[in-house]
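Written below as structure tokens is the structure these notes are about.
The values are calculated or read from the model by the stated rules, or taken from the named source; none is laboratory data. Here the structure is a predicted model, which is why all the values come from computation and not from measurement. We place every Cβ from the backbone using ideal geometry, glycine too, and count neighbours over all the protein chains shown. In case anyone asks, the SASA skips ligands and DNA or RNA and just uses the protein heavy atoms, side chains included. Shrake-Rupley method; radii C 1.70, N 1.55, O 1.52, S 1.80 Å.
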Amino acid sequence: MRTNVIRVLATAVLMAVLGASAALAATPPPAGDAKPVEKSRKDLTPMPEGWTALRQEEAIKQAHKQYPFVEDVLMEDLPLRQQRLRNMGIGYKDIKQSYILLDSPYVDTYEKQYDPVRFMHSKHAASLDGDCAACHHYRPADPNAPETVSCRSCHQDTRTDANTERIGLKAAYHMQCMNCHEQMKKGPVNCVGCHTKRSVDHKELVRLPENPKPQEVTAECLRCHQEAGDDMLATAHWLWRGPSPYTTEHRKSVMSGKGTTTLNNF
Amino acid sequence: MTHKPTPVDRPFWTPGTLVMLALMIAAAVTLVIRYTYGLSAVSNLNNHYPWGIWIGLDVASGVALAAGGFTTAFLAHIMGRHYYEAVTRPALLTAALGYTFVALAVSIDIGRTWAIWKPVFYQNHNSALFEVAMCVMVYVTVLWIEFIPVLAERLGKKIPLLAFLDRTLDKTMWVFIILGVVLSCMHQSSLGTLLVIAPTKVSPLWYTPFLPLLFLTSAFAVGYPMVVVETTIATSSLKLESEMNVLTPLSKITVLLLGIYMVLKIGDLVLRGAYVTLLDGSAQSTAFLVEVGLGVVIPWIMLLFKAVRQSRRLLFTTALMIVLGVMLNRFNVFVVSFKAPYATHPYYPAIGEILVTVGAVATIFFLYRVFVTHFPVLSAQRQEVSR
Amino acid sequence: MKLTRRGFLGAVGAAGVAAAAPNNAQAWQSKAPPDPYGCLVDLTRCIGCRKCEQACNEVNRLPEPAVRFDDLTVLDAKRRPDHDTFTVINRYYPGRLDDRAKPAPTFVKVQCMHCQDPACVSACITGALTKEDNGAVHYDVGKCIGCRYCMAACPFEIPAYEYHDPITPRVRKCTFCFERISKEGGKPGCASICPVEAITFGRRNELLLLAKKRIENDPGKYVDRVYGEKEVGGTSWLYVSNVDFEKVGFQKLPEQPMPGITETIQSSLFSYLWSPLALFGVLGAVMGLTGRKEENHDA
């Protein structure tokens, strides 16, 4: 019973925090007039009109560009290649885009669950001290081809013929990034470290009766967001205690708060 | 010589029959639960141990113990040893009842009881279970056909159809008698083939490609001891003559049959080298030692003595040891020896499984009593002793 | 007495045919499809993200799991597939150390191996289980009677059962996404979602070469063995690993296909029902003979 109450309350607070952070700011000072408080869902930090991320359009276009497949690859020992690239003077300065959206039909092999990664090409190159071969491990066999080509030139669909086994683009991305992060002990190796979860239309997911009770709404949220609920119970929003200078008769009560008397728990 | 079979005129309701009835009710309640909440509600069967005592005891042992039916039919009708006809009817009744309950046990154990007819139309000839199912299905029918004359003797006048069938069958009965023996040989052995497909899951003490042969020879061996046991129980509980004049020669044949089984069983164990695990003290090796020692070797040695074969008490004890030995063999092969590679807990039968098994046995006893009371099954004469 | 003995010896002799059967087991023919699909699981690649479990759940429309798929705490329990989970990932620490001298985990995917000569298919009383040309061991609930012989027969202990269902329990196991792979370019759910291609879908013959090539190219990393190449006569699902297979939940299994012996016994004894018919004939003759003798004796 008590845990239920806590849960309900937790979610009520959670929703207030998640959904309508603006409401807090909009709360008028405790004045004498009895006007009901109007809820506001105004975005307090709106994106400037017409703003898009730098070169976003270009990056999206780039991500979906088809590259001719490189069939033959020049196999080369990695240290030799590193040496060669350095001697040729290829490095950080040759980067054309500061970031790349890692998106492609070849990556979308199952119902899309995550948004594409925004790969900071320049930043990674810089932290690798301009060692392009760390990722651009081979070059096309064709001598006229550029020294470094994009991942998807060689990695497209999975190729399973034993002579030219080539992993698909999705696996190539994941293995390159994660193995390196693991080796360097830097950078994320879990899913949401690089991806944002694809936003889901909750209209399809939420299953509620006609006039739901507050508890039902809470339970429904927790059905998927159990962790968010648990986390909330560890935050100051849930655990605060102390005086409540703006609440009549509680101005000096140091034992107020959700962590103690569960005052103001709605 | 022997007497004509007659119905037994003893009071039907005795403490014995009442206990049987109570056990049957307990089993019936379990079955209601099974058909309401599923197999998991009454059994310990799981994904690791798909088969339990319903298959190991009710089906496999049930089939083996009903072997008395075809072995006596072979002796009396096919070999023309009419001297033994006195025991064919009770053996036939036990077999008919036994097989009927094997079929019922199977239909309880399979999840989709209503689909039990499907193997008739969807056939997989590679499956040993398919063959067992077909044989049991036909054999149950054959057994009850063989039983028609018994029914007709009593009810022929009341039910003209029975009398008609009896008359029609008179000329063709030999077909059913031979068919019964053939079908028995087929599925008694195929029952042993069932787990041959899982060499990695059966303990090497029991696993051998010769399992079907061992099952068949042990079925031959257990047939007459089973007749001895059931006749002795029936005659003593109904206070009839002991029929030792028939049982003693039967036990002499058993010496040979059990000997063949013993040689094959031990020979197979030695040739495969599986005896090395015999003394490791595990539950399996203990079960094997009990099965072969108490169930085969010792009774075989006992049967060699004339004194044992002629003493009613000793013969009964020996026969019971053989019967329990073969029962334990079936239980061992299907339950004790079964090693589930990924199981975290061993399988023990649940109370529900035990209740159903005990209830099935009780029902067989109960119906046996009903039949011998109302139909001419037993030939033994009343003992001239005071009640 | 003599006659009795002889008769019984005859019957025992008939059983002797059964005894002889295992000896000519080489006569048994494999019914494995020539060019089935398969999957190659590379244990060195798997990162234990449980995405394959999630895809499997969605593709097969299985009920919501008790533990959500992004909860990785369940990996250490040695789970098994069950009636509403067709595949699971388990984590093992077989003793390998990573560069920080910490035990390195090995993740193992468990699902139906889709044997080339499956014991379950041979055992199934009604033929509800079949080995399809595309490699899938396919289950047809319409034929199933629920006898669970397939479960007793399966060397990998894979088929699971709906024990809670009183009337219509089904046998449940990995379907190899039969419908998906039947379509051109279709892959099983798990193989298509895997972020690191730890599961490679393709023709089994090609995958076998691929697996050997991987081992050959990196002999220091891989154990020189493709699990499923020879086990129980070969399976459609293959595994390569950098640790001993026995240390991470795989069994040592014989190379003979499981159904070999039983099918040899069944077909050599019962093709065209010759042995039952022969036995019937012999018994009939004996019966006629003894019957006539008796008549003579009586006369």
Out of all the residues in segment B:215-238, is one or more in contact with a Phe, Trp or Tyr (Cβ under 8 Å, 6 or more places away or on another chain) and modelled with pLDDT under 85?
yes
Kindly list the number of the only condition in (1) closer than 22 Å to B:Ala76 by Cα; (2) within 12 Å of chain C (Cβ to nearest Cβ); (3) hydroxyl-bearing (Ser, Thr, Tyr); (4) not in a helix (DSSP H, G or I) that fails for B:Ser242.
(2)
Residue check: is A:Ser199 assigned to a loop (DSSP other than H, G, I, E, B), among the small types (Gly, Ala, Ser) and open to solvent by less than 60 Å² (accessible area, probe 1.4 Å)?
no
Mind listing whichever residues of segment B:317-341 are open to solvent by 10 Å² or more (accessible area, probe 1.4 Å), assigned to a helix (DSSP H, G or I), within 30 Å of C:Pro159 (Cβ to Cβ) and out of contact with any Pro (no Cβ under 9 Å at 6 or more places or on another chain)?
B:Met327, B:Leu328, B:Phe331, B:Val336
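Kindly indicate which of B:Leu104, B:Leu39, B:Leu31 is within 11 Å of another protein chain (Cβ to nearest Cβ), surrounded by fewer than 20 Cβ atoms within 10 Å (Cβ to Cβ) and among the hydrophobic types (A, V, I, L, M, F, W, C). Lay out the reasoning, then the answer.
Details: B:Leu104 fails: within 11 Å of another protein chain (Cβ to nearest Cβ); B:Leu39 fails: surrounded by fewer than 20 Cβ atoms within 10 Å (Cβ to Cβ).
Of B:Leu104, B:Leu39, B:Leu31, the one residue that is within 11 Å of another protein chain (Cβ to nearest Cβ), surrounded by fewer than 20 Cβ atoms within 10 Å (Cβ to Cβ) and among the hydrophobic types (A, V, I, L, M, F, W, C) is B:Leu31.
Of everything in segment C:36-68, what is among the β-branched types (Val, Ile, Thr), within 11 Å of another protein chain (Cβ to nearest Cβ) and farther than 19 Å from A:Val189 by Cβ? Give them in sequence order. Walk me through how you get there before you give the answer.
Keep residues of segment C:36-68 that are among the β-branched types (Val, Ile, Thr), which gives C:41, C:44, C:47, C:59, C:67.
Next cut, within 11 Å of another protein chain (Cβ to nearest Cβ) only: C:44, C:47, C:59, C:67.
Once the filter is applied, which keeps residues that are among the β-branched types (Val, Ile, Thr), within 11 Å of another protein chain (Cβ to nearest Cβ) and farther than 19 Å from A:Val189 by Cβ, segment C:36-68 yields C:Val59, C:Val67.
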Before we move on, is C:Phe176 under 14 Å from the mean Cα position of the chain (by Cα), in contact (Cβ under 8 Å) with a residue 60 or more places away in the chain, more than 14 Å from chain B (Cβ to nearest Cβ) and buried (at least 24 other Cβ atoms within 10 Å of the Cβ)?
yes
Which condition number does B:Ser127 fail, the rest of (1) within 22 Å of the chain's Cα centre (by Cα); (2) buried (at least 24 other Cβ atoms within 10 Å of the Cβ) being met?
(1)
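Looking at B:Tyr122, B:Tyr99, which is the one that is open to solvent by less than 10 Å² (accessible area, probe 1.4 Å) and without any contact (Cβ under 8 Å) to a residue 60 or more places away in the chain?
Working: B:Tyr122 fails: open to solvent by less than 10 Å² (accessible area, probe 1.4 Å).
Only one candidate passes the filter, namely B:Tyr99.
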Do we find that C:Thr200 is outside any helix (DSSP H, G or I) and either touching a Cys at 6+ places or on another chain (Cβ under 6 Å) or in contact (Cβ under 8 Å) with a residue 24 or more places away in the chain (or both) in this structure?
yes
Criterion first (in a helix (DSSP H, G or I), within 8 Å of chain C (Cβ to nearest Cβ) and either in contact with a helix residue (DSSP H, G or I) (Cβ under 9 Å, 6 or more places away or on another chain) or touching a residue at least 24 places away in the same chain (Cβ under 8 Å) (or both)) does B:Leu195 satisfy it?
yes
Residue satisfying all of: in segment C:260-293; more than 8 Å from every other protein chain (Cβ to nearest Cβ) and among the β-branched types (Val, Ile, Thr); farthest from B:Ile197 (Cα to Cα) among these:
C:Val282
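Select from segment C:190-201 the residues that are at negative phi and at the interface with another protein chain (Cβ under 7 Å from one of its Cβ atoms) and list them in ascending order. Steps first, answer last, please.
First, pick out the residues of segment C:190-201 that are at negative phi: C:190-196, C:198-201.
Residues satisfying the conditions are C:Ser192, C:Ile193, C:Pro195, C:Val196, C:Thr200.
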Filtering segment B:74-87 down to residues that are open to solvent by less than 20 Å² (accessible area, probe 1.4 Å) and either away from chain C (no Cβ under 11 Å) or within 19 Å of B:Thr172 (Cβ to Cβ) (or both) yields B:Phe74, B:Ala76, B:Ile78, B:Gly80, B:Ala86, B:Val87
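This table checks each residue for (1) free of Cβ contacts under 8 Å to residues at least 40 places away in the same chain; (2) within 13 Å of another protein chain (Cβ to nearest Cβ); (3) more than 23 Å from C:Pro257 (Cβ to Cβ); (4) surrounded by 18 or more Cβ atoms within 10 Å (Cβ to Cβ).
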site	(1), (2), (3), (4)
C:Asp70	yes, yes, yes, no
C:Arg79	yes, yes, yes, no
C:His83	no, yes, yes, yes
C:Tyr93	yes, no, yes, no
C:Leu97	yes, no, yes, no
C:Cys115	no, yes, no, yes
C:Pro118	no, yes, no, yes
C:Lys131	no, yes, no, yes
Can you give me the ranges of the helices (runs of 4 or more DSSP H) entirely in segment A:70-183 with at least 3 residues that are closer than 28 Å to C:Val41 by Cβ?
A:151-154
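Table: residues versus (1) under 26 Å from C:His83 (Cβ atoms); (2) out of contact with any Cys (no Cβ under 6 Å at 6 or more places or on another chain); (3) of a type in the set (Gly, Ala, Ser); (4) at the interface with another protein chain (Cβ under 7 Å from one of its Cβ atoms).
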| position | (1), (2), (3), (4) |
| --- | --- |
| C:Arg180 | yes, yes, no, no |
| C:Asn205 | no, yes, no, no |
| C:Pro219 | no, yes, no, no |
| C:Val232 | yes, no, no, no |
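Taking the condition surrounded by fewer than 24 Cβ atoms within 10 Å (Cβ to Cβ), under 30 Å from B:Asn332 (Cβ atoms) and in contact with a helix residue (DSSP H, G or I) (Cβ under 8 Å, 6 or more places away or on another chain), does B:Leu151 pass?
no
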Criterion first (in contact with a Ser or Thr (Cβ under 8 Å, 6 or more places away or on another chain), charged (D, E, K, R) and at pLDDT 90 or above) does B:Arg89 satisfy it?
no
What is the one condition in (1) crowded, with 24+ Cβ neighbours inside 10 Å; (2) within 11 Å of another protein chain (Cβ to nearest Cβ); (3) farther than 21 Å from B:Lys306 by Cα that B:Thr200 does not satisfy?
(1)
Suppose we filter segment B:120-133 for residues that are more than 17 Å from B:Ile197 (Cβ to Cβ) and in contact with a helix residue (DSSP H, G or I) (Cβ under 7 Å, 6 or more places away or on another chain); how many remain?
1
Just the residues that are of a type in the set (Lys, Arg) and out of contact with any Lys or Arg (no Cβ under 7 Å at 6 or more places or on another chain), please, taken from segment B:240-291.
B:Lys265, B:Arg272
Pairs returned, first residue in segment B:145-157 that is within 14 Å of B:Val377 (Cα to Cα), second residue that is open to solvent by less than 10 Å² (accessible area, probe 1.4 Å) and among the aliphatic types (A, V, I, L, M), beta-carbon separation under 6 angstrom, 6 or more apart or interchain, are B:Phe147/B:Ala96
